[in-house]
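A.B. asks: First the structure, which I've put down as structure tokens, then a few questions once you've had a look.
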Amino acid sequence: MRVGVVDYTVGNIGSVLNALRRAGAGPVIIRRPEEARDADALVLPGVGTYAAACRVVREFRAAVLERPTLAICLGMQLLFEGSQEGGGRGLALFRGVAERVEARKVPHIGWTYTHVPRGHDVVQEGYYYYMHGYGVPWREGDESYVAYVQLGKKYAAAVSRGAILGVQFHPERSGRAGIELIRRFLMWARA
């Protein structure tokens, strides 16, 4: 399966490429929307700053809507309406705005338990690796919010609608659980 990894040109995406290979995908770096045409699925990686990544990702809105997409950390935040981190408008595919997290230590870094209250085909409950200073508050009753992490208050850990899946944690840094999540995403994308 050919997976296009969007390069915002502001961070290292090597660990995402390696994790996709371990999960059985053929990742390719894409920098322009027309390069997404040959991809079976897309990944919006979790590197960079919100404002800089917004400028790039808005060009990919049509591509995201046309094929299965996995958005990681910052990539997930880009799916929302906006962020308090340096401003910028997101893709507004989900309701909500990223705000500074209320963790004991910010940025919140480390393995943290992820709750999936209603179950999901791709995201399973368990420990995943997080590295973020901003998060989208959990919206009780919103069916597109499928998992949360408790950091003083609940923050969205995963959102899903149609063929789009966003995760706040880093599956590429989450060991076996993360690789399994990527494998499940690839199977979900093929279906």
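Read-outs: derived from the displayed coordinates by stated rules, not from any lab. Bear in mind the structure is a predicted one, so any value in this text is a computation, not a measurement. All Cβ positions, glycine included, derive from the backbone under ideal geometry; neighbour counts span all protein chains shown.
A.B. asks: Hey, can you tell me all the residues within the stretch 10-24 that are in contact (Cβ under 8 Å) with a residue 24 or more places away in the chain and within 17 Å of the chain's Cα centre (by Cα)?
C.D. replies: Those that are in contact (Cβ under 8 Å) with a residue 24 or more places away in the chain and within 17 Å of the chain's Cα centre (by Cα): V10, G11, N12, I13, S15, V16, N18, A19, L20, A23.
A.B. asks: Same structure, new question: Give the residues of the stretch 30-47 that are surrounded by fewer than 22 Cβ atoms within 10 Å (Cβ to Cβ) and touching a residue at least 40 places away in the same chain (Cβ under 8 Å), sorted by residue number.
C.D. replies: Across the stretch 30-47, the qualifying residue is only D40.
A.B. asks: Further question: V47 fails exactly one of the following numbered conditions: (1) farther than 25 Å from A191 by Cβ; (2) part of a helix (DSSP H, G or I). What is the number of that condition?
C.D. replies: (2)
Table: residues versus (1) among the polar types (S, T, N, Q); (2) part of a helix (DSSP H, G or I); (3) surrounded by fewer than 17 Cβ atoms within 10 Å (Cβ to Cβ).
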| residue | (1), (2), (3) |
| --- | --- |
| G4 | no, no, no |
| N12 | yes, no, yes |
| N18 | yes, yes, yes |
| V28 | no, no, yes |
| V56 | no, yes, no |
| E59 | no, yes, yes |
| A62 | no, yes, yes |
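A.B. asks: Then there is this: Among (1) surrounded by fewer than 14 Cβ atoms within 10 Å (Cβ to Cβ); (2) under 13 Å from the mean Cα position of the chain (by Cα), there is one condition P117 misses while meeting the rest; what is its number?
C.D. replies: Single failed check for P117: (2).
A.B. asks: Pull up the stretch 67-111, narrow it to residues that are under 30 Å from R2 (Cα atoms) and of a type in the set (S, T, N, Q), then point me to the one that is surrounded by the fewest Cβ atoms within 10 Å (Cβ to Cβ).
C.D. replies: T69
A.B. asks: Does the stretch 148-157 include one or more residues that are within 20 Å of M1 (Cβ to Cβ) and either among the polar types (S, T, N, Q) or touching a Leu at 6+ places or on another chain (Cβ under 7 Å) (or both)? Working first, answer last.
C.D. replies: Start the filter on the stretch 148-157 by keeping residues that are within 20 Å of M1 (Cβ to Cβ), which leaves none.
Taking every residue of the stretch 148-157 in turn, none turns out to be within 20 Å of M1 (Cβ to Cβ) and either among the polar types (S, T, N, Q) or touching a Leu at 6+ places or on another chain (Cβ under 7 Å) (or both).
A.B. asks: Would you check if A51 is of a type in the set (G, A, S), in contact with an Asp or Glu (Cβ under 9 Å, 6 or more places away or on another chain) and surrounded by fewer than 15 Cβ atoms within 10 Å (Cβ to Cβ)? Before the answer, list the steps.
C.D. replies: Values: of a type in the set (G, A, S): yes; in contact with an Asp or Glu (Cβ under 9 Å, 6 or more places away or on another chain): yes; surrounded by fewer than 15 Cβ atoms within 10 Å (Cβ to Cβ): yes.
Yes; evaluated as a whole, the condition is true for this residue.
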